[in-house]
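Participant: Below you'll find the structure I mean.
The values are calculated or read from the model by the stated rules, or taken from the named source; none is laboratory data. Computed from a predicted model, the values in this text were never measured in an experiment. Cβ placement follows ideal geometry from the backbone for every residue including glycine, while neighbour counts extend to all protein chains displayed. Surface areas here come from the heavy atoms of the whole protein model, side chains and all, with no ligands, DNA or RNA. Shrake-Rupley method; radii C 1.70, N 1.55, O 1.52, S 1.80 Å.
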Amino acid sequence: MRSFVYNGLPSRVVFGIGAIKNLPAEVDRLGARRALMISTPGRAQMVREVSGSLNVAAVFDKAVMHTPLELANEARDLAQSIKADCCIVIGGGSTIGFGKAIALTSGLPIIAVPTTYSGSEMTNIWGLSEGGAKKTGRDPKVLPKTVIYDPELTLGLPPSVSATSGMNAIAHCVEALYAHDGNPIVSMMAEEGIRALASALTKIISSPKDLEARSNALYGAWLAGATISTTSIALHHKLCHVLGGFGLPHAETHSIVLPHAVRYNRDAAPEAMARIKRAIDASDAPGGLHDLEQKLGIPMRLADIGMKESDLERAARIAVEAPYPNPRKVEYEPVLALLRDAYRGLRPLA
Ligand code: NAD
């Protein structure tokens, strides 16, 4: 076994059907008395339902995608003006992003109640967007102190959002498997995460109210977030970040690019490929991921989610501008070929 460094991140996880009933006790445990609750407008009703016996100082229900700085500042000002002593975020990665924006400048503790599979609740990664550009960073302050996973809160997550959000989580696991700073513990978690998500998502598509499948998907999302928070990202996430700059939606882009990024790295990362194949029960990792996505009814072509063919070359140029660790050298021509395949939604060659 080669030498490695493992950094475990300190969060407390409360997991289970009905686990949300522990929210008041978890707030008490942090010694907090003035909670600021955060959600999107769509989850406002859920916030009202779970906040029953809590001391809620205010609710910020304007969370949107990509954490625009102006709106994040509004949430920060609200937290300060009500003298909040903790943030409770209820929702997906977008909502959690607002809690992280507040924590980044104030150090307020976050209690996260994730209702999608983004995995953001387990990471120390924050993101803020301004003028169309997204800035990201890592800071221990933004890691939620407590995460409550309650599968019952995810029963209403539409199958299509479940599928793309879940594939986004699978992408975290995949990149952790071949990260230059990976290690056997993270690989074990990543393989288990892929297995849990792949089997759960195929069930959720036909039975969205299947609590067992919902539980397994949240468990997989937890593992996915935990893996990416302690390893570096590589080609797949870099490409998706570049494509995000062209206005493409986050989770769909991650899903579409994944099989192609895996094909790019296939021969340079044999151990990762073996783990992916085992986790999804396929004979070829990139082809197997493609087939899984097709089964889930996910959009398969960048062309379908707003990418212009004329922008592919520019995207490839941006993606190779700054070097970064990746199992296979990141070079313009093969990256452009990858993007062209993803644009057309081709099944990666075996
Ligand atoms: P999202 O938070 O935007 O949610 C997607 C949609 O699902 C929204 O319309 C939301 O209102 C709805 N929704 C959420 N929970 C629901 C439920 N239980 N029932 C019904 N509808 C529900 O999407 P996401 O994929 O969770 O997050 C994407 C964002 O998270 C991106 O901005 C991405 O950059 C960020 N992200 C950050 C990290 C990190 O570590 N910082 C990791 C992954 C993703």
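Participant: Can you give the charge dipole size of region 256-350 about its Cα centre, rounded to the nearest 20 debye, using +1 on the beta carbon of Lys and Arg and -1 on the beta carbon of Asp and Glu?
Facilitator: Working: 15 positive and 14 negative charges, 25 e Å.
Its charge dipole is roughly 120 debye.
Participant: Another one. Gaussian network model of the chain, Cα springs within a sub-10 Å range: biggest mean-square fluctuation belongs to which of Leu71, Leu289, Leu36?
Facilitator: Taking springs between Cα atoms under 10 Å, the residue moving most is Leu71.
Participant: Hey, could you get me the Stokes-Einstein D for the chain, Kirkwood radius over alpha-carbon pairs, 37 °C and 0.692 mPa s, rounded to whole µm² s⁻¹?
Facilitator: Value of D from the Cα-based Kirkwood radius: 162 µm²/s.
Participant: Something else: Distance in nm between label sites at Ser106 and Ala25, each 7 Å beyond Cα in the beta-carbon direction?
Facilitator: 2.7
Participant: Got a sec? Charge dipole of region 1-125, +1 on Cβ for Lys and Arg, -1 for Asp and Glu; which of Leu104, Ala72, Phe15 is way out at the positive end?
Facilitator: So the residue furthest toward the plus end is Phe15.
Participant: For Tyr149, which sequence-distant residues (separation of 5 or more, or a different chain) have an amide H within less than 5 Å of its own amide H, given hydrogens modelled in the peptide plane?
Facilitator: Val14, Phe15, Gly16
Participant: If you count the DSSP beta bridges with both ends in the chain, what percent of them are antiparallel, to the nearest 5?
Facilitator: 25
Participant: State the three equivalent ellipsoid semi-axes of region 14-78, derived from the C-alpha gyration tensor as the square roots of 5 times its eigenvalues, in descending order and whole Å.
Facilitator: 23, 15, 11
Participant: Further question: Excluding Pro114 itself, calculate the net charge of residues whose Cβ lies under 15 Å from the Cβ of Pro114, where each Lys or Arg counts +1 and each Asp or Glu counts -1. Walk me through the numbers on the way to the answer.
Facilitator: Values: positive: Arg12, Arg43, Lys100, Lys145, Arg214; negative: Glu26, Glu121, Asp150, Glu152.
Every neighbour counted, the sum reads +1.
Participant: Hey, another quick one. Roughly how many nanometres apart are two label points built 7 Å out from the Cα toward the Cβ at Phe15 and Met188?
Facilitator: 1.4
Participant: Oh, and also: Rounded to whole Å and sorted largest first, list the principal axis extents of the Cα atoms in region 65-156.
Facilitator: 34, 31, 23
Participant: If the label point is 7 Å along Cα→Cβ of Thr202, which residues in region 266-287 have backbone nitrogen under 12 Å from it?
Facilitator: 279-283
Participant: Can you pull the accessible area of Asp28 for me, 1.4 Å probe, Å² to the nearest 10?
Facilitator: Accessible area of Asp28: about 90 Å².
Participant: What accessible area per residue, rounded to a whole number of Å², is obtained for the chain using a probe radius of 1.4 Å?
Facilitator: Per-residue accessible area for the chain comes out at 42 Å².
Participant: Please list, in order, the residues from region 224-268 whose amide nitrogen is less than 11 Å from a point placed 7 Å along the Cα→Cβ vector of Asp181.
Facilitator: 229-233
Participant: 5 Å is the cut-off here: which amide hydrogens, built 1.01 Å from N in the peptide plane, fall below it relative to Arg301, excluding neighbours closer than 5 in sequence?
Facilitator: Correct list: empty.
Participant: Shifting gears a bit: Assuming a ≥ b ≥ c are the square roots of the Cα gyration tensor eigenvalues, decide whether region 182-283 counts as rounded (a/c under 1.5), prolate (otherwise, with a/b larger than b/c) or oblate.
Facilitator: Verdict is oblate for region 182-283.
Participant: So, R0 is 41 Å and r is the distance between the beta-carbons of Ser232 and Asp304; what FRET efficiency does that work out to, to 0.05?
Facilitator: With a Förster radius of 41 Å, E is 0.85.
Participant: Let me ask you something else. Report the dimensions of region 115-230 along its three principal axes from the alpha-carbon atoms, largest first, rounded to Å.
Facilitator: Principal extents (largest minus smallest coordinate, Cα): 37, 37, 27 Å.
Participant: I've got another one for you. Can you give me the % of accessible surface on the chain that is carbon or sulfur? Probe 1.4 Å, all protein chains present, nothing else counted.
Facilitator: Details: 7650 of 14670 Å².
On the chain, the fraction of accessible area on carbon and sulfur atoms equals 52 percent.
Participant: Charges only on Cβ, +1 for Lys and Arg, -1 for Asp and Glu: so what's the dipole of the chain about the Cα centre, in debye to the nearest 20?
Facilitator: The dipole magnitude comes to about 300 debye.
Participant: Counting helices only, and only those DSSP H runs with n ≥ 4, report the 222 nm mean residue ellipticity of the chain as the sum of -39,500 (n - 2.57) divided by its residues, in deg cm²/dmol to the nearest 500.
Facilitator: -16000 deg cm²/dmol
Participant: Can I ask one more? Near Arg2, within a Cβ-to-Cβ distance under 13 Å, what is the net charge of the other residues, with Lys and Arg +1 and Asp and Glu -1?
Facilitator: Once positives and negatives cancel, what remains is -2.
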